[in-house]
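**Q** Have a look at this one before I ask anything.
No lab work stands behind these numbers, since they all come straight from the coordinates. Predicted model, so just to flag it, every value in this text is computed and none were measured. Reconstructed Cβ throughout: ideal geometry from the backbone, glycine too, with neighbour counts over all protein chains shown.
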Amino acid sequence: MIKNLIFLLIICLNLFYYTFFKQENINEVKIIIKPGMQLDQIAHLLKENRLINNEYIFKTWVIINNSQKKLKFGEYYFSKKISANILLEKLKKGKSVYRKITIIEGSSKSDLFKILNELDKYKSIELDDIPNSLVADTYFYKVTDNPKIILNNIIKKSNEISKKIWNERDQNIPLNDVNELFILASIVEKETFIKEEKSIIAGVFYNRFKKNMKLQSDPTVVYAITLGKKKMDRKLLRKDLKIKSKFNTYVNKGLPPEPICIPGIESLVATSRPFKSNFLYFVSKNKKNEGHLFSEKYKDHLDNIKSVKKKDKDE
């Protein structure tokens with residue numbers, strides 16, 4: 001009798017193990033559990049994707065563990081081996097897959113608006129919902145996040161990043177607040193993509209401030225023409241520098257009213273801690289990776305412009 005009970009117990013334990021804990025080899029699978037899905041729907045989804053063999057057995061295991069209300073929605077990735085218990089634990093812990101949005105340095109609010117609209121079939125976000133002070137970086141989201149949640153997370157993270165940069169700034173820079181930091185950093189972003197030049201160019205602009213000079217930045221003229229809604233399909237002309245716009249720093253002294261693009265962390269840091277020099281001028285060498293020539297005097301600046309033009313002509 002005892003032997004029979006032990007034998008029966010062993011059979012039950014083995015059955016229990018093979019039912020709930022035995023791992024099965026599977027192909028790579030991604031599933032999306034949407035908000036509001038019930039246990040029956042989740043079990044059916046798992047069965048459809050061959051993650052379980054029997055919906056009833058999985059639902060029984062969920063009920064035994066009192067986990068009906070503990071399953072979290074999201075996008076999940078499964079590979080190699082799986083069991084009913086591993087499935088349940090993963091769904092309870094909410095270890096879902098994160099997707100990413102990368103805001104490219106120097107891109108515009110219109111660019112981000114297009115990205116968010118592609119994720120938003122209800123078109124619930126307007127361009128004006130996107131603030132001016134955003135940091136170009138990579139942000140993560142879940143497939144079940146709506147665009148408003150994604151944007152709010154971008155805003156929150158941007159505020160955290162920019163606050164830290166602002167608090168660690170050179171206290172001598174002539175900026176009143178973090179919004180002005182974003183404006184000048186956006187100009188620096190558009191002036192150069194070379195990391196080592198960013199703080200030098202920021203320093204040039206601060207030197208111009210001190211001498212009550214206009215910033216005279218070409219990218220601000222480009223923005224005055226395009227407002228960040230399209231790419232400039234031609235070179236700037238001399239007459240463009242006279243365009244009447246609050247963004248044109250050839251016409252107006254001081255900073256534009258808003259950033260002309262979304263700056264990256266490198267540009268924000270460089271603008272917050274500029275390189276100390278007496279440079280007042282710079283000109284592009286017109287080669288993608290060669291950067292700029294810097295000078296303290298206008299005469300030297302004109303000479304640099306001539307040398308760049310001569311080099312271009314010779315080549």
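**Q** Of the residues ASP128, ASP145, ASP233, which exhibits the maximal mean-square fluctuation in a Gaussian network model of the chain defined by a 10 Å Cα contact cut-off?
**A** Result: ASP233 has the largest fluctuation of those listed.
**Q** Relative to the longest principal Cα axis of the chain, at what angle does helix 147-167 sit, 0 to 90 degrees, rounded to 10?
**A** That helix lies at roughly 50 degrees to the long axis.
**Q** For the chain, modelled as a GNM with alpha-carbon contacts under 10 angstrom, which of TYR298, TYR281, TYR76 fluctuates the most?
**A** TYR298
**Q** Work out how far the C-alpha atoms of the stretch 99-277 reach from end to end along every principal axis, then list the three figures in whole Å, largest first.
**A** 52, 38, 26
**Q** What do you get for Rg/Rh of the stretch 19-93 when both radii come from the Cα atoms and Rh is the Kirkwood radius?
**A** So for the stretch 19-93, dividing Rg by the Kirkwood Rh gives 0.91.
**Q** Right, something else. What is the gain in length, in nm to one decimal, between LEU241 and GLN216 on full extension, counting 0.36 nm per residue of separation less the C-alpha to C-alpha distance?
**A** Numbers: separation 25, 0.36 × 25 = 9.00 nm, distance 0.87 nm.
Additional length available on full extension: 8.1 nm.
**Q** Return a whole-number percent for the relative contact order of the chain, with Cα pairs under 8 Å and 6 or more residues apart as the contact set.
**A** 16 percent
**Q** Using 19 Å as the Cα-Cα cut-off, could you pick out the over-long pairs in LYS285/LYS306; LYS239/LYS297; LYS30/LYS157?
**A** LYS239/LYS297; LYS30/LYS157
**Q** May I ask for log10 I(q)/I(0) of the stretch 105-156 at q = 0.18, 0.31 Å⁻¹, from a Debye sum over the Cα atoms as equal point scatterers with solvent left out?
**A** Listed by q, the Debye log ratios stand at -0.53, -1.62.
**Q** Next up: Would you mind checking the tilt of helix 178-191 against the longest principal axis of the Cα atoms of the chain, expressed as 0 to 90 degrees and rounded to 10?
**A** The two axes meet at around 80 degrees.
**Q** I've got another one for you. Between LYS93 and THR226, take the C-beta separation as r, use R0 = 45 Å, and let me know the FRET efficiency to the nearest 0.05.
**A** Here the calculated transfer efficiency is 0.45.
**Q** I've got another one for you. Which one of LYS157, LYS81, LYS148 has the biggest mean-square fluctuation once the chain is modelled by GNM with Cα springs under 10 Å?
**A** Fluctuation is largest for LYS81.
**Q** Kirkwood hydrodynamic radius (Cα pairs, Å) of the chain?
**A** Result for the chain, one decimal place: 24.0 Å.
**Q** Hull surface divided by four, with the convex hull built on the Cα atoms of the stretch 143-241: how many nm²?
**A** Values: hull surface 36.1 nm².
Its Cα hull, projected and averaged over all orientations, spans 9.0 nm².
**Q** Please name whichever of SER107, ILE154, ASN304 sits farthest to the positive end of the charge dipole of the chain, dipole taken about the Cα centre and charges placed at Cβ: Lys and Arg +1, Asp and Glu -1.
**A** Working it through, the farthest residue towards the positive pole turns out to be ASN304.
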